[in-house]
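Just below is one structure, and these are the notes that go with it.
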Amino acid sequence: MMLFSFLIVILFVIVVAFVYFIPTMIAFHKKRKNKEVIFLANALVGWTAVGWVLVFLWSLFDGEKILAPSNNAAELEKFFELKERGVITEEEFETKKKELLS
């Protein structure tokens, strides 16, 4: 009976450790450039519910992609120049403009 209880406790610890370090596993799987920092944050503040959720979200979303400004204005300018030089038609420019602005 004591061995069974010991095995249950060991299994519980393994499952909790697995769940606790899910953000770290995601960061390493997605090859985030700051995966080591995510690991440290997970280890140090992951024990709080808010800390774990923040580290989890950090591991899911690449901050550069979220914080990067939209480059639609530069693309629109490029297409405008192509239209002015006669490389693309007015219709092609308007189509691209609608795609970029929607």
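The values are calculated or read from the model by the stated rules, or taken from the named source; none is laboratory data. Please read all numbers here as calculations on a predicted model, not as lab measurements. As a convention, Cβ positions derive from the backbone with ideal geometry for all residues, glycine included, and neighbour counts pool all protein chains shown.
Checking each residue of the range 34-45 against the condition of being under 22 Å from the mean Cα position of the chain (by Cα) and among the charged types (D, E, K, R) gives at least one match. Would you check if I26 is modelled with pLDDT of 95 or more, within 12 Å of the chain's Cα centre (by Cα) and among the aliphatic types (A, V, I, L, M)? Yes; evaluated as a whole, the condition is true for this residue. Yes or no: the range 82-91 includes at least one residue that is in a helix (DSSP H, G or I) and touching an Asp or Glu at 6+ places or on another chain (Cβ under 7 Å). Looking for residues that are in a helix (DSSP H, G or I) and touching an Asp or Glu at 6+ places or on another chain (Cβ under 7 Å), one finds at least one in the range 82-91, hence yes.
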